[in-house]
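Novice: Sending over a structure as structure tokens; questions will come in a sec.
The values are calculated or read from the model by the stated rules, or taken from the named source; none is laboratory data. Because the structure is predicted, anything quoted here is derived from the model rather than measured. Every residue, glycine as well, gets a Cβ built from its backbone with ideal geometry; the counts of neighbours run over all protein chains shown.
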Amino acid sequence: MYAIGLTGGIGSGKSAVADLLVERGAWLIDADVVAREVVEPGGPAYEPLIERFGSEIVGPDGQIIRQALADRAFSDPAALEALNAITHPAIGIEMIERQQALSDTDALVILAIPLLRPIHRETMTIDAVVVVDCDTEIAIDRLVRYRDFPIEDARARIAAQITREERRAEADYIVLNEGGLDELHGEIDALWTWIGERRDSI
């Protein structure tokens with residue numbers, strides 16, 4: 001197994017990059033997908049979130065209302081810290097278990113982690129970190145245009161994340177995603193070649 005940590009700020013196009021890598025044969029373990037699973041009824045983060053943020057975040061169907069949770073968490077640094085303290089360990093444990101299931105294979109595993117930190121290299125045995133990057137205003141425009149974010153919500157989400165500079169400092173490879181899909185395909189072709197060369201050099 002060869003593990004790539006894939007990260008990028010919200011609106012950077014990280015998911016598009018992950019999808020293109022999967023098309024080329026990679027396995028994807030996506031923290032965003034796992035994050036939705038751990039907050040479902042019966043999931044490890046479900047009850048702790050209700051205890052911290054109140055029953056108002058729960059819909060009639062018993063599911064946590066993600067927007068209601070986000071409205072509370074992203075408006076207050078202490079609330080965001082509490083959200084992360086509840087969800088991040090549960091997400092990490094599940095991702096590691098899925099990665100370990102592939103440990104004896106020759107799979108290329110993409111670990112898509114929006115808030116990738118240096119500690120992830122060790123805890124998840126990441127061989128290389130790839131950062132998807134774009135100008136902040138482009139990311140904001142994508143969130144507003146394609147995901148119907150109110151502009152202030154988009155800015156708040158980006159402000160709550162680590163900076164572009166911090167993210168890029170951790171990169172072994174940077175995918176610049178500021179253009180269209182054709183340009184992104186070119187970037188992924190180059191990335192795929194780089195991964196192959198790096199993997200062969202081990």
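Novice: From the list D153, D200, D189, D148, exactly one residue is of a type in the set (D, E), more than 29 Å from E81 (Cβ to Cβ) and either at pLDDT below 95 or not assigned by TED's automatic domain parsing to the domain that holds L21 (or both). Which is it?
Specialist: When all the criteria are applied, what remains is D200.
Novice: Name the one entry in I50, I4 that is more than 22 Å from A154 (Cβ to Cβ) and in a helix (DSSP H, G or I).
Specialist: So the residue among I50, I4 that is more than 22 Å from A154 (Cβ to Cβ) and in a helix (DSSP H, G or I) is I50.
Novice: Find the residue count for region 88-126, including only residues that are over 15 Å from the mean Cα position of the chain (by Cα) and crowded, with 19+ Cβ neighbours inside 10 Å.
Specialist: 2
Novice: Could you list all residues from region 172-202 that are surrounded by fewer than 18 Cβ atoms within 10 Å (Cβ to Cβ) and under 18 Å from the mean Cα position of the chain (by Cα)?
Specialist: D172, Y173, I174, L176
Novice: Now for a separate question. Report every pair of residues separated by at least 6 positions or lying on different chains whose Cβ atoms are under 8 Å apart, first residue within region 3-28 and over 21 Å from I162 (Cα atoms), second part of a helix (DSSP H, G or I) and polar (S, T, N, Q).
Specialist: Going by the 8 Å Cβ cut-off, the qualifying pairs are A3/Q99.
Novice: Kindly indicate whether D19 is among the acidic types (D, E) and in the same structural domain as G179 (by TED's automatic domain parsing).
Specialist: Spelling it out, D19 is indeed among the acidic types (D, E) and in the same structural domain as G179 (by TED's automatic domain parsing).
Novice: Here is a list of conditions, (1) in contact (Cβ under 8 Å) with a residue 24 or more places away in the chain; (2) under 18 Å from G9 (Cβ atoms); (3) small (G, A, S), and A159 meets all of them except one; can you say which number that is?
Specialist: Of everything listed in (1) in contact (Cβ under 8 Å) with a residue 24 or more places away in the chain; (2) under 18 Å from G9 (Cβ atoms); (3) small (G, A, S), A159 misses just condition (1).
Novice: From A26, A68, A18, A79, grab the single residue that is within 18 Å of the chain's Cα centre (by Cα) and either closer than 25 Å to L143 by Cβ or among the polar types (S, T, N, Q) (or both).
Specialist: A18
Novice: List every residue pair whose Cβ atoms sit under 7 Å apart, with the two residues 6 or more apart in sequence or on different chains, where the first one lies in region 137-150 and is closer than 9 Å to G11 by Cβ and the second, anywhere, is of a type in the set (D, E) and surrounded by 11 or more Cβ atoms within 10 Å (Cβ to Cβ).
Specialist: Hits for this filter: I138/E178.
Novice: For residues that are in a helix (DSSP H, G or I) and either of a type in the set (D, E, K, R) or in contact with a Phe, Trp or Tyr (Cβ under 6 Å, 6 or more places away or on another chain) (or both), tally how many sit in region 145-175.
Specialist: Residues that pass the stated criteria total 12.
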